[in-house]
Amino acid sequence: MHMQRVLVTGAGGFIGHHLVKRLVVEGCWVRGVDLKAPEYEPSPAHEFELLDLRRWDNCTRATRGVEEVYNLAANMGGIGFIESHKAEIMHDNVLINVHMLEAARLNGVKRYLYTSSACVYPAYRQNSADVTPLKEEDAYPADPEDGYGWEKLFSERQCRHYYEDYGLETRVVRFHNIYGPLGTYDGGREKSPAAICRKVALVEDGGGIEVWGDGKQTRSYCYIDDCVEGIYRLMRSDYREPLNLGSDRLVTIDDLVSIVAEISGKVIVRRHDLSKPQGVRGRNSDNHKLRQVLGWEPATTLEAGLGRTYAWIHDQLYAGERVKQAAQVA
């Protein structure tokens, strides 16, 4: 049988690493590319190359001899990072995406997936915590997240035009807050579920943690296994328009803290910091088209997904201390 040859960019990152593992299980030959190797465990990719995809020559090298490209490479992070690094993010990601599309075309790639974001949706549709779920067509008239969102929306259009002008089969997925084990949990680029898990894991029972904003802002969160399943299904489909990939369960940030606190078995006091970035007031995914196109939607509950995530982050934080204690006993 033919072993499909695929490229995953951003393969050293959270979603990219999980996707590589899934594609290998599916029987694909996988080349992973990133600026860095995965942080928490080795990549199972058949080849892993450290390449800066802002450079044209590295993009042509990365796309050589593959039939499909999953382009997850991006300079990104949590709300604090994307609100304070707009020029850097737009510069790096536009270079990556325009180079990758053209390199894929020239190297005869048959199918190309671009990972976009819910940040493409207009601010004027997200002013209320009780937000109406966002449909794919709500992206226009455009008013996306400044910087990161504009770059994502531009790259979506570039994918569309590469299909229209050159026949490259492109797929576009809009992520809604993906979380889970093996993701960044400190350093400033972490997303809210990982940040809250870290803060709760480090605080004593009855202690307080800082929560950005008033805690009433709302989001939906999608577990990594569901994210990877959705990506795989979309790539196998014939659907060429942008598609939401996320949970449609809306929760407040305070709800998120409460769930993690219950998982930890601790009583947690919240200290709300209104001076910190908090993004749009409310954001939720409308999954009608996802169900229609893929006949599927994310199924992992927030409680189950956060339980696995909290356990992994807790182990990461205290692994060094356990080793140290074991050495002292020995």
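Values quoted throughout were computed directly from the atomic coordinates according to the rules given, and no laboratory measurement underlies them. It should be emphasised that the depicted structure is a prediction, and the values quoted were computed from it without experimental measurement. Please note: Cβ atoms are built from the backbone with ideal geometry, for glycine as well, and neighbour counts cover all protein chains shown.
Mind giving me the nanometre distance, one decimal, between the label points for residue 57 and residue 210, set 7 Å out from Cα along Cα→Cβ?
Those two pseudo-labels are separated by 4.4 nm.
Check which residues have an amide H placed less than 5 Å from residue 221's amide H, if you skip close sequence neighbours.
Here the answer is 247, 249, since their amide H atoms fall under 5 Å of that of residue 221.
Which percent, nearest 5, of DSSP beta bridges in segment 194-330 are antiparallel? It would help to have the intermediate numbers written out before the result.
On the way: 2 of 8 bridges.
That works out to approximately 25 percent antiparallel.
Under a 10 Å cutoff between Cα atoms, tell me which one of 172, 98, 20 has the largest fluctuation in the Gaussian network model of the chain.
Checking each option, the largest mean-square fluctuation is seen for 98.
Compute the separation of the alpha-carbon centres of segment 81-140 and segment 206-223 and state it in Å as a whole number.
24
Roughly what would the spin-label model give for residue 84 and residue 238, points 7 Å off Cα along C-beta, in nm?
4.9
As a check on your grasp of the helix formula, calculate [θ] at 222 nm for the chain: sum -39500 (n - 2.57) over DSSP H runs of n ≥ 4, divide by the residue count, round to the nearest 500.
Numbers: 10 runs with 134 residues, N = 330.
Result for the chain, helices only: -13000 deg cm²/dmol.
Label segment 181-236 by shape, choosing from rounded, prolate and oblate, from the square roots a ≥ b ≥ c of the eigenvalues of the Cα gyration tensor; if a/c is under 1.5 it is rounded, and otherwise prolate applies when a/b is larger than b/c, oblate when it is not.
Working: a/c = 2.89, a/b = 2.05, b/c = 1.41.
Prolate, since a/c reaches 1.5 and a/b exceeds b/c.
Over 32 Å between Cα atoms, which of 21/216; 86/266; 86/216; 266/289 qualify? Don't skip to the end; give the middle numbers.
Working: 21/216 36 Å; 86/266 37 Å; 86/216 26 Å; 266/289 39 Å.
Violating the 32 Å Cα-Cα cut-off are 21/216; 86/266; 266/289.
Relative contact order for segment 141-224: what percent, with Cα pairs under 8 Å and sequence separation of 6 or more?
Details: 50 pairs, mean separation 22.1, N = 84.
Relative contact order comes out at 26 percent.
How far is it, in nm, from the label point at residue 127 to the one at residue 249 when both lie 7 Å from their Cα along the line to the Cβ?
Those two pseudo-labels are separated by 3.1 nm.
Which value, in debye to the nearest 20, gives the size of the charge dipole of the chain about its Cα centre, when Lys and Arg are +1 and Asp and Glu are -1 at the Cβ? Present the calculation step by step, with values, prior to reporting the outcome.
On the way: 41 positive and 47 negative charges, 66 e Å.
The dipole of the chain has a size of about 320 debye.
Quick one: net charge of residue 91's neighbours, Cβ under 15 Å, K/R +1, D/E -1?
Details: positive: 54, 55, 86, 152; negative: 52, 88, 92, 146, 151.
Once all neighbours under 15 Å are counted, the net charge is -1.
Compute a Gaussian network model of the chain, connecting alpha carbons closer than 10 Å, and tell me which residue from 107, 97, 287 fluctuates the most.
Looking only at 107, 97, 287, the biggest GNM fluctuation is shown by 107.
Can you tell me the dipole magnitude for segment 116-256 around its Cα centre, using point charges on the Cβ only (Lys, Arg +1; Asp, Glu -1), in Debye to the nearest 20? Working shown, then result.
Working: 17 positive and 26 negative charges, 45 e Å.
Dipole about the Cα centre, nearest 20: 220 debye.
Using 14 Å as the cut-off for backbone N distance, which residues of segment 267-295 belong to the label zone defined by a point 7 Å from the Cα of residue 258 along Cα→Cβ?
Only 268-270 pass the distance filter.
Return P(r) of the chain (all Cα-Cα pairs; 10 Å bins starting at 0; whole %; ordered from short to long distances).
6, 26, 35, 23, 9, 2, 0
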